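Here the structure is laid out as structure tokens; the discussion comes afterwards.
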Amino acid sequence: MLELFPWHQTQWRQLLAARDRSRLHHALLLAGPGGVGVDRFAECLARRMLCENPPGEDVACGLCRACALLEAGSHPDTLRVAPEEEGKQIPVDAIRDLIDYLQLSSHGGSIKIAIVAPAERMNWNAANTLLKVLEEPPGSALIMLVSSRPSLLPATIRSRCQIVEFPPVHDQSAQDWLRQRLPEGQEAGDLLLLARGEPIKAAAMLENGADKKQLEILQDLKAGGDPIGLATKWQFLDIAEVFATIAVFLAQLSRLKSGAMPHALADKGIMSELRALTPRLELTQMLACYERANQNHALAVGPYNINKQGLLEDFIIYWQNSFASNRGRQS
Ligand SMILES: [Zn+2]
């Protein structure tokens, strides 16, 4: 049966309490990075709302007729709207279907639920059409917009939703969850930090071996060498992950440089590489590189098709120039 991620308890209790007071907004914008599991939260909330015998603690009873239909993905009072293919837009027709669906009366006699994910994939027409429903919602409906980039949604849409934030998590509940998936002896905190507080992403990184590539990225950067060759080598990695990793390293470096305690990375190899790099860059340069890595990360996860090789070369050259200018000043 579907379970709530343990780090979603606060948002869960908040929304259930609102529902118990009949104060649940008809449109929720569930906003958080892709790797914190907001999709799952939306699904859990849909199940809770439709379950005929909702239990105290669990998401749903798992036994009633509604739960059986939900488990089979065929409950007539839920509709999921998504792009037909990953990376594509959500067209206006999909939103028109959603409106038609909401106008039918509920089969279970309670509520009709629609989940639009990722909501920022709606094209302009689709968003505009949805806006009309948000302004004049039909009787008993709950519309959930799931978005990892809510700033891409029109302000008019955002202002008509109750925004529920799902920030990155580093707390014990996320670490415990991740630790169950880790080989003996590996630190959950490290991986979570490198995955920017996105536990599901951290688990995926573990699965595809990305966690082992982190040290290699750092060593490559430290070694210098031909930017084009290096970018070509890194192209085979998930480049958003490459920039996220580099940004975490630079944040650690800046903390080391300024004498602040770094968020302890337990990986001794990474920490010793970082310590060795600290004297070779000024703090302002580290911060500038950090900003560049974050900008390139934003482009890499953004809605546009970007040239991966170009983006990687851009950063590597920027990084190497920082070192070169520093050497010049010191000599
Ligand atoms: Zn049930």
Legend entry - Net lengthening on full extension, A204/I306 (0.36 nm per residue, minus Cα-Cα): 34.4 nm
Legend entry - Nitroxide proxy distance, nm - points 7 Å out along Cα→Cβ at E216 and R179: 2.9 nm
Legend entry - Whole-number accessible area per residue in Å² for the chain, which is evaluated in the context of all protein chains at 1.4 Å: 49 Å²
Inset, instruction - At a 1.4 Å probe radius, which order do L24, L145, L287 fall into by accessible area, largest first? - result: L287, L24, L145
Legend entry - Estimated [θ] at 222 nm from DSSP helical runs (n ≥ 4, -39500 (n - 2.57)) normalised by residues in the chain, nearest 500: -16500 deg cm²/dmol
Inset, instruction - State to the nearest 20 debye the size of the charge dipole of the chain about its Cα centre, where the only charges are +1 on K and R beta carbons and -1 on D and E beta carbons. - result: 800 debye
Inset, instruction - Would you mind calculating the gained length between S74 and N53 on full extension (0.36 nm times residue separation, minus the Cα-Cα distance), in nm to one decimal? - result: 5.7 nm
Inset, instruction - Could you let me know the centre-to-centre spacing of the stretch 66-111 and the stretch 1-56, using Cα atoms, in angstrom? - result: 17 Å
Inset, instruction - Starting from the Cα-Cα distance between W124 and S106, subtract it from 0.36 nm times their residue separation and give me the gain in nm to one decimal. - result: 3.6 nm
Inset, instruction - Sort E273, E85 by accessible area with a 1.4 Å probe, largest first. - result: E85, E273
Inset, instruction - Could you work out how far the C-alpha centroid of the stretch 176-198 sits from that of the stretch 248-317, in angstrom? - result: 20 Å
Inset, instruction - Output the relative contact order of the stretch 209-330, whole-number percent, from Cα pairs under 8 angstrom with separation of 6+ residues. - result: 35 percent
Inset, instruction - Can you tell me the order of 230-239, 29-38, 198-207 when each peptide is scored by its average per-residue count of other Cβ atoms within 10 angstrom, highest first? - result: 29-38, 198-207, 230-239
Legend entry - Selected from P76, H25, Q103, residue furthest toward positive end of dipole (the stretch 6-165; charges at beta carbon): H25
Legend entry - Rg [Å, one decimal], Dmax [Å, integer] - the stretch 209-330, C-alpha atoms: 13.8, 42
Legend entry - Candidate lysines for bridging to K213, where Cα separation is under 27 Å - those fewer than 8 sequence places away on the same chain excluded: K201, K222, K233, K257, K268, K308
Inset, instruction - Please give the solvent-accessible surface of L215 in Å², to the nearest 10, using a probe radius of 1.4 Å with every protein chain present. - result: 50 Å²
Legend entry - Relative contact order of the chain, defined on C-alpha pairs under 8 angstrom at six or more residues apart (%): 17 percent
Inset, instruction - May I ask you to give the average projected area over all directions of the convex hull of the Cα atoms of the chain, in nm² rounded to one decimal? - result: 18.9 nm²
Inset, instruction - Name the residue farthest towards the positive end of the dipole of the stretch 81-158 from the options T129, S148, Q89, assuming +1 on Cβ of Lys and Arg, -1 on Cβ of Asp and Glu, about the Cα centre. - result: S148
Legend entry - Packing-based ranking, highest mean first, of 115-123, 146-154 given that Cβ atoms within 10 Å are counted: 115-123, 146-154
Inset, instruction - For the chain, give the percent of accessible area contributed by carbon and sulfur heavy atoms, probe 1.4 Å, rounded to a whole number. - result: 51 percent
Legend entry - Computed E for R280/E3 - FRET, C-beta separation, R0 51 angstrom, nearest 0.05: 0.65
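The values are calculated or read from the model by the stated rules, or taken from the named source; none is laboratory data. All figures in this text were calculated on a predicted structure; none of them were measured in a lab. Positions of Cβ are backbone-derived with ideal geometry, glycine not excepted, and every protein chain shown enters the neighbour counts. Ligands, DNA and RNA are stripped out before the accessible areas are found, and what is left, the full protein with its side chains, is counted by its heavy atoms. Shrake-Rupley method; radii C 1.70, N 1.55, O 1.52, S 1.80 Å.
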